[in-house]
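No lab work stands behind these numbers, since they all come straight from the coordinates. Just so you know, these numbers come straight off a predicted model, no measurement behind them. Glycine also receives a Cβ, built like all others from the backbone with ideal geometry; neighbour counts cover every protein chain displayed.
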Amino acid sequence: MNHFFFSMISSFTALFFILLGLVGIIIPWSPSIRTNFVQFILNESLLLSLFGLISIFIGLAIAASLLINAKRKYYYIRSGEHAISVDEAVIQQYLDVYWKELFPGSDIASRLVLKNNKIHISVDLPTLPIGRQQLILEKIKQDLRSKFADLLGYHNEFFLTSSFHPK
């Protein structure tokens, strides 16, 4: 839904600026269009007000979308009365370093989602023989479990979704 909304707003914004540019190019070179444009502004004040109102709503929608998507996500570590927040980007950096250590020379795509104070990881791993896939997944789970516990104080379970793709 968010992707659809963003695409729709981007399309309308692009179309608006293309049309505005065309009007800006045509008006200075055509006296009759210039006269009609001025006459339109003088006669259609209600329509121009409606255009302004719609423009404000579109601007507010774009601003709201940016604010919603720019919101940082944190994992909160509770220790007694105190809580420490860890930015999602920090955890993603730990994962990126780990994938480079585990699979040097491979560019591993992974996605981290923090939901309800739980860690969800999706990763596309390089192709491995079927017999090694289960072993490497167990190693990854164990390594990440200990990394999260040591570095972040995260002792809850995490969710790992993986797929094996050719390089």
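Of note:
- Here the label points at residue 61 and residue 92, each 7 Å from Cα along the C-beta direction, are separated by 2.7 nm in the simple model.
- Taking Cα atoms only, the orientation of helix 31-43 departs from the longest principal axis of the chain by about 80 degrees.
- Net length gained if the chain between residue 32 and residue 12 were fully extended (0.36 nm per residue, minus Cα distance): 4.4 nm
- DSSP-defined antiparallel bridges as percent of all bridges, the chain, nearest 5: 65
- Neighbour net charge for residue 135 - beta-carbon separation under 13 angstrom, K R +1, D E -1: +1
- Net charge of the neighbourhood of residue 145, taken over other residues with C-beta under 15 Å away and scored Lys/Arg +1, Asp/Glu -1, is 0.
- Put simply, the amide H of residue 164, placed in the peptide plane, has neighbours under 5 Å in 125, leaving out anything fewer than 5 places away on its chain.
- 3J(HN,Hα) couplings calculated from phi for the stretch 11-17 with the Karplus curve 6.51 cos²θ - 1.76 cosθ + 1.60 (θ = phi - 60°) are, in sequence order, 5, 5, 5, 4, 4, 4, 6 Hz; Gly and Pro show x.
- A Förster distance of 22 Å, applied to the separation of the beta-carbon atoms of residue 150 and residue 120, puts the FRET efficiency at 0.65.
- Rounded tilt (10° steps) of 130-147 against the dominant C-alpha axis of the chain: 80
- Each of 44, 88 was scored by other Cβ atoms within 10 Å of its Cβ. Listed from fewest to most, they are 44, 88.
- Largest to smallest principal axis extent of the C-alpha atoms in the stretch 1-70, angstrom: 46, 24, 16
- Potential extension, residue 100-residue 163 segment - 0.36 nm per residue separation minus Cα distance: 21.0 nm
- Dipole in debye (nearest 20) - the chain, about Cα centre, beta carbon charges: Lys, Arg +1; Asp, Glu -1: 160
- Under 13 Å of direct C-alpha separation, and excluding same-chain neighbours fewer than eight residues apart, residue 141 reaches these aspartates and glutamates: 157.
- Length gained on full extension, residue 53 to residue 4, computed as 0.36 nm times the residue gap minus the Cα-Cα distance: 15.3 nm.
- Protection proxy ranking for 97-106, 17-26, using the average of other Cβ atoms within 10 Å per residue and placing the highest first: 97-106, 17-26.
- Cα long-axis angle, helix 45-70 against the chain (0 to 90 degrees, to the nearest 10): 10
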